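Below: the structure, in structure tokens.
The values are calculated or read from the model by the stated rules, or taken from the named source; none is laboratory data. Just so it is clear, the structure is predicted and the values come from calculations on it, not from any experiment. Glycine also receives a Cβ, built like all others from the backbone with ideal geometry; neighbour counts cover every protein chain displayed.
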Amino acid sequence: MYETNIKAKQRAQELKEKVKVIIMAPVKKPSQKLDLILDIQRLGVSHHFENEIEELLQQIHTSSHCNTESGDQETDNELYTAALRFRLLRQQAYNISCDIFNNFKDSDGKFKESLFPIWDLYSSTLLTLAKLDFNLLQQVHQKELSEISRWWKDLDFVNKLPFARDRVVESYFWASGCYYEHEYYFARMTLAKVIAVVVILDDIYDVYGTFEELELFTEAVERWDVFAMEHLPDYMKVCYQALLDLYTEIEEKLINRGNLYRIHYARDAIYYMAGLVCQTKVQKYTPTMDEYMSAALDTSYFPLATISFIGMRDIVTKDSMDWVFSDPKIEKATSVIGRLMDDMKSHKDATEEEATIELSNQVSNAWKDINEICLRPTIFPMPLLLRILNLARAIEFIYKRDDSFTHAGIFLKDSVVSLFVEPVSL
């Protein structure tokens, strides 16, 4: 098995070099490069060629901008090419105007009939690389899942806190949606563990604890001290000790990386969430829409966005930690998406149709806010914004059909199996 992995990694590296040559090779039509980038992204190997793709898209953006100013629309003679270029550039945060589509509309403002080419064959080199890369990455994820499952089993929440959700695999699935790449091992494991424990916290606050108990727990979180457990109920001591142990583990790893300052942001984010939920627990009335939307901004997704930065490399600075902890607009939008989609799927019977439509519109507007913030020039590097964007994507995926996190059905189970269990046939 070990020798097979060595050969697979060597083969994958050889194919990466070949693909780099293909990317940078000159072509007659820009559309060929666009199709190549699309293929690379769809096959899930674009993270290996970020610099090459960025350079290529910069050239395409410059070229299309010059063509627009000069009135030369030679490269826009096909709707497919124009649409693909628009999508790839927007996806890479280039602020390209949608006016380019006016050339393809008739006098009524509708798109003219057009035939779109169907691309169903990928080059042998690229497809083989994608399969090898997926299987190698899947092995990494399998080892991590095994590791985090052992950690979860040792905590024994299933027996000690039987009222709480056992969602460690789903938590890892969520974290891998934020960053799946090999180099983000520490960040992925950190976020997955925090999500799993936050789920326990959420169930304590939302399902099991009394208001008086929650006040004690929130005070203990504020003190952040093992001696603060003294007056807690036994079931809360279990969770509180696990929380302290987890942050001690994260702290030790951050010390080795020279990033110890980040641990304070993670701790404060958890305290913020605990205090907020404790306050709302005592409410006895149905909130207005404005009050409901205000509460939607203050949810457990706030600390998750902060913690998603904790385990990343030096691209994260103190300034960026201050920014993400300030609950910026992109973070508020992610909270709206998470809270509203969760509520729409969790409380179908209690929600009237008109209210559901209104909430759906709010989710749509939140996505518009995220897209706007991710357009260049961005206030922070795109890899940082991408973590918050990916959190929102993962939330929508999990809650789009149902509350798959609370009620893990076939849809989410099939997704877990396809990503983490079944390799791709070579």
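Observations
- Filtered residues of segment 303-342 (kept if touching a Phe, Trp or Tyr at 6+ places or on another chain (Cβ under 7 Å) and aromatic (Phe, Trp, Tyr)): Trp323, Phe325
- Taken over segment 370-392, the criterion of being over 18 Å from Glu50 (Cβ atoms) and buried (at least 17 other Cβ atoms within 10 Å of the Cβ) is satisfied by Ile370, Ile373, Ile388, Leu391, Ala392.
- Sole residue being modelled with pLDDT of 85 or more and surrounded by 12 or more Cβ atoms within 10 Å (Cβ to Cβ), chosen from Ala83, Ala25, Ala12: Ala12
- For first residues located in segment 4-18 and outside the structural domain of His48 (by TED's automatic domain parsing) and of a type in the set (A, V, I, L, M, F, W, C), partners that are surrounded by 13 or more Cβ atoms within 10 Å (Cβ to Cβ) and assigned to a helix (DSSP H, G or I) and lie 6+ apart or on another chain with Cβ distances below 6 Å do not occur.
- When segment 180-234 is filtered for residues that are of a type in the set (Val, Ile, Thr) and without any contact (Cβ under 8 Å) to a residue 24 or more places away in the chain, the ones remaining, listed by number, are Thr210, Val226.
- With respect to the conditions (1) within 19 Å of Leu419 (Cα to Cα); (2) part of a helix (DSSP H, G or I), Tyr180 lacks only one, and its number is (2).
- Residue among Ile100, Ile118 that alone is β-branched (Val, Ile, Thr) and at pLDDT 65 or above: Ile100
- Cβ separations smaller than 6 Å between residues 6+ apart or across chains give the following pairs from segment 81-96 residues that are part of a helix (DSSP H, G or I) to residues that are of a type outside the set (Val, Ile, Thr): Thr81/Ser31; Ala82/Asp76; Leu84/Leu34; Arg85/Leu34; Leu89/His61.
- Inter-residue pairs, beta-carbon under 9 Å, first in the same structural domain as Glu55 (by TED's automatic domain parsing) and in segment 26-43, second outside any helix (DSSP H, G or I) and among the acidic types (Asp, Glu), 6+ apart: Ser31/Glu78
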